[in-house]
Each structure stands twice: as structure tokens, then as C-alpha cells.
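Below is a structure I'd like to ask you about.
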Amino acid sequence: MARIPDDQLDRLKAEVAVERLATSMGVTLKRHGADLLGLCPFHDDREPSLVISPKTNLWHCLGVCQSGGSVIDWVMQAEGVSFRHAAELLLADYQPLAADKRTTAHSTVKKLPTALETDAGDAKLLVQVIDYYHETLKQSPEALAYLEKRGTANSEAIDRFKLGFANRTLGYRLPMKNRKDGAALRGQLQRIGVLRTSGHEHFNGSIVMPVIDDGGNVTEVYGRKINDNLRKGTPMHLYLPGAHAGVWNAAALQASPEIIVCESLIDALTFWCAGFRNVTASYGIEGFTADHLAAFKANGTQRVLIAYDRDQAGEAAAEKLSKRLLTEGIDCYRIHFPKGMDANAYACQVQPATKSLGVVIRSAIWLGNGKAKPITTEAITSDRCTGEAGDDPIPPLVAELESVLDDTDDESIEEPEPEPEVNVPAAVVPAAPQPSVEAEVSDTDIVINLGDRRYRIRGLEKNLSFDVMKINLLVSGHSLGEPAVHVDTLDLYQSRPRAAFVKQAAVELGVTETVIKADLGKLLLKCEALQEERIRALQSPETKTVALSEPETAAALDLLKSPELLDRIAADLTRCGLVGEDANKQIVYLAALSRKLDAPLAVTIQSTSAAGKSALMDAVLAFVPAEDRPQYSAMTGQSLYYMGETDLKHKVLALAEEEGASSASYALKLLQSEGELTIASTGKDAVTGKLETHQYHVEGPVMLMLTTTAIDLDEELLNRCIVLSVDEGRQQTEAIHESQRQRRTLAGLLAKVDRDAIRSLHQNAERLIQSLAVVNPYAKHLTSVADRTRTRRDHDKYLTLIDAIALLHQHQRSIKSIEHGDELIRYVEVPLDDIAAANRLAHEVLGRTLDELPPQTRKLLQLVVTWVAERCIVLAMNRADFRFSRREVREATGWGNTQLKVHLHRLEELEYLLVHRGGRGQSFVYELLYDGDAEQPAPHLSGLIDVAELKRTYDDNRSGPQPNRSAPSRCGVGW
């Protein structure tokens, strides 16, 4: 409930004499020193026990009732009413009845005069209630102070929109509820919604804003509590019960084709008071009604500017409203306030409101409906709007808005003479003193208090170089006892904007320019220190870490300590829906983990369309923590150079298709081989506007993962990547079909529920794996084929694969350390088991890179060799005499025509097949030239030393071969 201001209560206690009230009730008073004595009227008093002190205007009964207090307590005792009611009676010139005229204890209670008619209809009665609230507002300093605080204490607006205040006094103006008229009137007010069933006022303690139609009828009432310290759960915003009806400020729709629509009536009133009269409001984010839309159509509204709150709910509601209006052919724009703000909060904070709101209107974002059009000056209306028939349309504030936009121009500021520049040798430039001021730093604001002046700084984080300090600076204080504010956007390193700020702020705050100039010096030093901290943090940011709970850590460690960890990874990937591809699963997983090494692996997954390459990549990426896997569908040629310096460091960079990164292939190759990117680019200096060279640097290492449908890969990319081929065989297809059917069963549904838990477990496990150095004590004794230069990089991939396996098993090994100079190096050693696992995977995967035929082409060759051999036996022909067409191969293998065309062409180019002209027209037939065995195994990485041989040639106690055995004279035979 709204309180009666203390100054009014003090005035009542001082101006209304208790002595007058006592004599009016028939009490005879006799002077006794400085006090007055008489018979107490509140009990059967035979001896004078009432004491009144005229000097303090207090009274006290020394007899039976022991009552006392101020003049308000006297009325409460005399009339049997509450404190508030007693005060209201005194404010209404209370005149008590004599004791001999009082018949019952409460029948003589004074009722305040009322303007409500007991025989009025609902509509008329509601208008009368609004009139009463309106008059109450004008007499309530508390309510007027609230409107002043919200920037809406405009006398014209108060009268035009019948703003009111509900302060719980309406009930005092009604007939007694135990009377017929009083009961009927209260029942009618409850039906309307003004009173609740408890008898309390529905809008008690609220500013009341009615919605009034052209006929003067009240169609809706909005209430906003003026006190924020209410009981938990008390609503701050109220409406009349029932559906919303009517349109606030409907006259504006008749006067202007462009309308601003706010989320609340308070926001709309803010625009109106600032001079933008073409405004209305919905009743909350879901309160845009059919009445609004009908009014827009009826008045030919062409353009709507949506000024909903800048929060998540407001953005969603604005989008929903724009779609609804666009379907009706109404252009829509979105007015954007700073994040988290509404129109009223923004207008109150950035003064003057006329200019600040004008700027956000002019910068509104077009949302659609036809060709984009800029906000015209018609959207910015004048300071009057009568809305009566025949009135002139609302004129725009053209000149005023132009002055808003011109405030930042140099010509609008009286600039001081520039200070002469003095060239000081760098050696004698003194170090900047440390700022001695304290600052409150949040994500968006920096607040510094200097004396009674409060400075708020925004935008410092946007300055990413040491030669620019452009900020939004607001200073607030008091001038002549009134709040004073000045705000501007300026570069603190520029003397002219600084001088302009000093001059204007000194005028606004009523202080000398010397004071503001000294303050700016302190702010500059503090901002320099904060800016340096921010830039240093950006240049060397800390790795984002995800805190794991004890149960999560224990489960992840159990996984990392599994005896057959690589097999467990493959099995878990299968449980997550990836069928088969065991070697590929493990290779891709280890490659992704190699991001924690100084020189990670890279992987390209190659297959025909829809064969499952993306499924393989996505399944493994799901096991990588989200913070370590930026994933893109495509990249432009320059995009990598302009990423954050450490955005890709020790991360997995996954690209859905190699074609999407074709323009960035050069940068990807450099990033993979060199471990960093550097580019020099031309740009404008932020201060002078002159062209200058900027250098951008992106640090690695980064693990690169691509998929592609291309058969012919870029040779440079092929050399840098492990190329994997997806199994496209019949058995794999059947296994995939079986998995797809399994997903539709109950077991499949339960497995889907478990999938997230498995992925989360592996992500947590990878978070526990540290970036350690890897030492391979067997490195000198490892061997590899060396008959072609390509093996130089393949050999390095093989060694990195061993390192990745060792890194994966670090929680099963002891982590060692060694001091080298001032640095402590921590590392894990490679055991023979890791080399054996690497050999197995290298034979399956790295061997393919040495084959001149892609895996699917090799598969087709094997099928053709088998089929030709069978046909030659049946036809009793030599293979050199047998000819066959592509159609016959298609029928024999079951492959698609497009797939066959591509792979047969590759076999033709490499002279595995010879093309002959057919006997019919332009047809062609093939002859098989390849004379190899159809059952020949897929190529493997030759020359890798056998682990058993390695164990025999390595002395655990020494580094090198055993003295009684000579080192092998040739490479060991691979598996």
C-alpha cells in the first residue's frame, strides 16, 4: 500500500490541535500549569484523567483506558478507524460530533466525500473511479515523484491520458458496506475488477494508466506498483481481470502512418513524453490483440517500429509480432536498445530522452515486407497530437533529430586550439604513473567515483590496439541540488573530443573545467592499465576448462585405465551407432587426440556420396569436448588468417566437405605443416584514417579433419593427411541396414538414451588427458620403406601415431620429468605395446597411401579380374582375347553406372584396362591388361620392424643393440 508521505503526517500533527478536537466533542478543559486537564471521553471518567500538552500537541489518559498520542491517535480512538483512515479524515477537514450526539460506537464514523454514483452503470462507474484516481495522483507527492524518476511527470500527459494513483483511499469514499447502497456499490466494483473479493483495491499502490476509446469509455486499465520492496510473489504489473481490449493512444493511428509499438504502457508513455507522439503499446509480450491489428488496418498504418524490451523474451516477441504484421502487408522495423534495457530505462539513463530515443529510432533495423526502406522522418513525430478529426498530421522533428546526429560532428563543437606537438626522445619518456583510483569492473561497465562525481565507462573492451581508446563516457553528479548527467562517445587519446567533453561536463555539473580535466587524466591512466590487461589476456588467454565432479572424474579415469582401451573406444563408437570401420574409428580418434601434441595428425575421409564418411567424422567428433572442436561447413580463402590468435591452438578443425575449404586450402596446408599462419593486410588507421599495414597471426598446432567425395585429391593435401577410405562393400551395407532396423526397436531406443552418457564419458576422459611430451626409447631402431620420397611424410605420420597412442595411455603409465635449464619437462615413454598397436593400424591405413589406385578402384579391379577369369574358363578363351562392355561389368558387379564410369576411367588411365572400338557404331569394349592375382591383399606399409625383432635388438638397460648381436643390415619385414 502507498504510504502517506511523512511531511503530510507531520503537518497534520502540527496544524490540527488536539485541544480543538477535545472541545468539539464537549470536553471541558481546565489549565493545570502548562497542560490542560479534563474528563476523558473514551471511558466513564468521574475524575479528570485526560492530559493535553498544547506545546507538543500530544494527549494522554491517566485513567482506565491509558490511551494517548498525537491528533491522529485521537481520531482513531474517537471514530474507531485505522491510522490511514484517520489521516484521510483529518486531511478532509475532520469535524468530530459531540459526545451527547453519538448513538453507537461506530455509527458516527465520518465518510470521506465520494464522486461515485451508486446508480451509475458499469462503464460510467469505471470512468468515475479513473477520475478519482486521477485526482488522487495530482495530490500525491509520492506518486508524482515516481513519475519524475521514470521521466514521465509530464502534466500534459497526466491530464491527456488520465493517469492516476490508487492509494487505498477509495474504500473510505464508499458508503458503509453494511448499508444497502454500500454493499451494492462494492459488488459492482468487484464485478468490474476495481475491487477484489477481499474488499481491497486491485491496483492498490500502483500508478494507474487507463485505455480510453473515442467515446470516452475505459476499455482497459494498467497498474504499475511504485514500490519495489514488496512481498515475494507480488506482481509489479496489473491489468483489469479478463481479456485485454482497446488501443492506447488510438488518436496517433489516425494521425500518422508510422507507429511505434512498445511492450508496456510505461514505455509508450516514455516515447510520448519525449516528443514522439505516434506511439502505442501492447499489453506485455503476448498482449498484441486483435483490436490493435484492426485499428492498424482501419487507419491505414503502413509502417510499425517494434520497441520491445532488449531481452530474450522481448526479442522473441518482436520476431513473432513482425511475422504477424508482415502477413498483413505492414512494414516492420526493430528498435534496438542496449541489451537488457527497455525504452524507459534507456531514456532515463541516456539524457536527454528526446535525443537518445531519436537516435535509436533512426537506427532501427528493417525486418521485411517489400523493398527495404530507411526510417523516414515521418516516424519521428512532433510534441503534440490532439487526434481530433480534421487535425493536421503529426509533424516530424526533423531539425531536432538532425541536431542529435550532428552533435558528434566537429563543426558542432567549439574546439580549442590544438596543443603543439613536442617530439620527446623515446629514452627520456617517463613511465606512466600507476593510477591511484579504484574502479568497479563488470563485463560491460567500468565505474569510477571521484569525489561526488561518478564516471561510467563502456566500450573499452572493443579497443584491441594500444593507439585507440574510444569509449562511451557518462559522468553524473549534482548541480544546485538537482541530479546532473553528461554522456558522450569520444577517443581519450584525441585532444579535441576531450576538450569538448570537459567543457560540456563542467557546465552540466556546475564545476570548473579544471576539475573535469583532472578527472579525465585519472580516467585515462586507469583505462590504459585496464586496456593493457585486456589485450594481454586476449593475446595469451587461459584455456577454458570444464570442472568435473568427483563421480565424473572417477568414471573417466576408469575408462582411461581400461586394459584394452583402443578396443573399448571402438566398441563405444559402435554403441553410438557407427557400424564396422574398426581401424578407421581408432585412427580418427587417435588423430583427434593428437591435437594435444606439438605436431598433430591430419585426416581426410574419402568415399562416394552417402557412403558414411560424415557419419564417421561426426561420431568421433562427438567424443571430443565441445571446447576443442570448432566445426565449419565451409571456409573462405582469408577466413583462417583473421581468427583469434589462439582460437585454433590444440583444437580439432573439422570441415564437412573438402570442396567447401578449397579456397582456403593453401592456408590449411600452411597451418598443418608450419603450425602457424601470418598475413600482412592493408587497412585504415582507426585514428588518422590513413592506410597502413596490419599483421595477423594465428597460432597452431591444429588437428585438421576433412571429408571428400573426390577421387583425385590435391597432392600437397594428400601428403599432409592420413587418407581413410570408408568400407563400401556389401557386408558393410548389410551391417548398416541391420543397425538402422535395430534403432527402431526397444533396445535401440534404450541405446539412444545411453548414447549421450557414453559421449559425455569420453569427453570427460579427453579433458583429463594432459598435453605431455612423448619420448620413444625405441625410436632409433624403428624402420620403414624408403623407396620413394612420399614415405618421408608417411614415416612421420607413423611416428606421430605412436605418440598419440602413448598419450592416450598416459594414465596407465608413469609420468616422468626432467629439468633442462630452467624448465621442467614432463613426459611419458612409449612401450612396445604402443608400437605394436601403431604397426597394426599403419599397415591397414598408411599402406593405402602408397597405392596408386584409390581403395574403391582397387576393389573394382579385383572384382573384374575374378569375373574375367570365370568367363574365360566358361568360354574357353585366353584372357587377351576376351572383350567386355561396361554394361556387362555393371551386371556382374551390381555397381551403379556413374560409379563404374569413374573407376573404369581411372583403370583405363593407369593402363590396367585397354579400350577397343566395338563392333557396333561408336561403342567401346575393354580388354584386361592387369595380370595380377585377384586375391592379392590390399597394399600395406612395408618395412616396419617386427615388434618381436625390436624386443630382441633392444637392451632394456642400455640404449642400442646388444653387444653380442649385430644391427640388422636391412629393414625388417612388415606384418
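The values are calculated or read from the model by the stated rules, or taken from the named source; none is laboratory data. Keep in mind the model is a prediction, meaning the values are calculated, not measured. Cβ placement follows ideal geometry from the backbone for every residue including glycine, while neighbour counts extend to all protein chains displayed.
Just to be sure, is Pro961 at pLDDT below 65, more than 60 Å from the chain's Cα centre (by Cα) and surrounded by 16 or more Cβ atoms within 10 Å (Cβ to Cβ)?
yes
Right, something else. Of the conditions (1) surrounded by fewer than 19 Cβ atoms within 10 Å (Cβ to Cβ); (2) in the same structural domain as Asn369 (by TED's automatic domain parsing); (3) under 27 Å from Ser356 (Cα atoms); (4) out of contact with any Pro (no Cβ under 8 Å at 6 or more places or on another chain), Asp228 fails just one. Which one is it?
(2)
Let me ask something else about it. Spot the failing condition for Ile805; the list is (1) in a helix (DSSP H, G or I); (2) modelled with pLDDT under 80; (3) crowded, with 18+ Cβ neighbours inside 10 Å, and only one is missed.
(2)
Right, next: Select from the range 145-172 the residues that are in a loop (DSSP other than H, G, I, E, B) and either among the small types (Gly, Ala, Ser) or farther than 18 Å from Ala347 by Cβ (or both) and list them in ascending order.
Those that are in a loop (DSSP other than H, G, I, E, B) and either among the small types (Gly, Ala, Ser) or farther than 18 Å from Ala347 by Cβ (or both): Gly151, Ala153, Lys162, Asn167, Arg168, Thr169, Leu170.
For the subset of the range 871-896 comprising residues that are of a type in the set (D, E, K, R) and surrounded by 12 or more Cβ atoms within 10 Å (Cβ to Cβ), which member is farthest from Leu929 (Cα to Cα)?
If we take residues in the range 871-896 being of a type in the set (D, E, K, R) and surrounded by 12 or more Cβ atoms within 10 Å (Cβ to Cβ), then Arg890 is farthest from Leu929 (Cα to Cα).
State whether the residues of the range 326-344 include one that is at pLDDT 90 or above, touching a helix residue (DSSP H, G or I) at 6+ places or on another chain (Cβ under 7 Å) and in a helix (DSSP H, G or I).
Within the range 326-344 (the criterion being at pLDDT 90 or above, touching a helix residue (DSSP H, G or I) at 6+ places or on another chain (Cβ under 7 Å) and in a helix (DSSP H, G or I)), the answer is yes, since at least one residue qualifies.
Anything in the range 118-140 that is buried (at least 18 other Cβ atoms within 10 Å of the Cβ) and not in a helix (DSSP H, G or I)? List them, or say none.
Matches in the range 118-140: Ser140 only.
Let me ask something additional. Strands (runs of 3 or more DSSP E) wholly in the range 423-473 with at least 1 residues that are among the hydroxyl-bearing types (Ser, Thr, Tyr) and modelled with pLDDT of 85 or more - which ones?
453-458
Within the range 280-296, can one find any residue that is crowded, with 20+ Cβ neighbours inside 10 Å and within 30 Å of Asp445 (Cα to Cα)?
The answer is no, given that none of the residues of the range 280-296 is crowded, with 20+ Cβ neighbours inside 10 Å and within 30 Å of Asp445 (Cα to Cα).
Please go through the range 817-873 and pick out each residue that is in a helix (DSSP H, G or I), of a type in the set (Ser, Thr, Tyr) and modelled with pLDDT of 85 or more.
Thr866, the sole residue that qualifies.
Search the range 198-225 for residues being among the hydroxyl-bearing types (Ser, Thr, Tyr) and modelled with pLDDT of 80 or more, and hand back the single one that is surrounded by the most Cβ atoms within 10 Å (Cβ to Cβ).
The qualifying residue surrounded by the most Cβ atoms within 10 Å (Cβ to Cβ) is Ser206.
So, one more: Mind checking whether some residue in the range 8-30 is within 30 Å of Phe203 (Cβ to Cβ) and basic (Lys, Arg)?
Looking for residues that are within 30 Å of Phe203 (Cβ to Cβ) and basic (Lys, Arg), one finds at least one in the range 8-30, hence yes.
If the Cβ limit is 6 Å and pairs must be 6+ apart or interchain, which residue in the range 745-771 that is over 18 Å from Val620 (Cβ atoms) pairs with which residue that is modelled with pLDDT under 85?
Gly748/Gln742
Taking the residues in the range 70-109 that are of a type in the set (Ser, Thr, Tyr) and at pLDDT below 75 as candidates, determine which candidate is farthest from the chain's Cα centre (by Cα).
Applying the filter and picking the extreme gives Thr103.
In the range 552-653, which helices (runs of 4 or more DSSP H) lie fully inside it and hold 3 or more residues that are at positive phi and of a type in the set (A, V, I, L, M)?
none
Give the range 598-616 a look and list any residue that's touching a strand residue (DSSP E or B) at 6+ places or on another chain (Cβ under 7 Å) and either among the aromatic types (Phe, Trp, Tyr) or more than 17 Å from Pro855 (Cβ to Cβ) (or both), or say none.
Correct list: Pro600, Leu601, Ala602, Ser614.
Okay, moving on. Assuming Glu19 fulfils every condition listed in (1) acidic (Asp, Glu); (2) assigned to a loop (DSSP other than H, G, I, E, B); (3) buried (at least 17 other Cβ atoms within 10 Å of the Cβ) apart from one, which condition is it?
Evaluating Glu19 over (1) acidic (Asp, Glu); (2) assigned to a loop (DSSP other than H, G, I, E, B); (3) buried (at least 17 other Cβ atoms within 10 Å of the Cβ) leaves (2) as the failure.
Please specify each residue of the range 335-362 satisfying the condition of being hydroxyl-bearing (Ser, Thr, Tyr) and either in contact with an Asp or Glu (Cβ under 8 Å, 6 or more places away or on another chain) or over 14 Å from Ile260 (Cβ atoms) (or both).
Thr354, Ser356
Yes/no matrix, rows are residues, columns are (1) crowded, with 20+ Cβ neighbours inside 10 Å; (2) free of Cβ contacts under 8 Å to residues at least 24 places away in the same chain:
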{"position": "Ala317", "(1), (2)": "yes, no"}
{"position": "Leu321", "(1), (2)": "yes, no"}
{"position": "Thr327", "(1), (2)": "no, yes"}
{"position": "Cys332", "(1), (2)": "yes, no"}
{"position": "Pro338", "(1), (2)": "no, no"}
{"position": "Ala345", "(1), (2)": "no, yes"}
{"position": "Cys348", "(1), (2)": "no, no"}
{"position": "Gln351", "(1), (2)": "no, no"}
{"position": "Leu357", "(1), (2)": "yes, no"}
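Take the residues of the range 22-60 that are in a loop (DSSP other than H, G, I, E, B) and among the polar types (S, T, N, Q): which is farthest from Leu90 (Cα to Cα)?
My answer is Ser49.
Can you pull out the residues in the range 159-181 that are within 21 Å of His202 (Cα to Cα) and either of a type in the set (Ser, Thr, Tyr) or modelled with pLDDT of 75 or more (or both)?
Within the range 159-181, Phe161, Lys162, Leu163, Gly164, Phe165, Ala166, Asn167, Arg168, Thr169, Leu170, Tyr172 meet the criteria.
Confirm whether Ala251 is surrounded by fewer than 20 Cβ atoms within 10 Å (Cβ to Cβ), hydrophobic (A, V, I, L, M, F, W, C) and out of contact with any Leu (no Cβ under 8 Å at 6 or more places or on another chain).
No.
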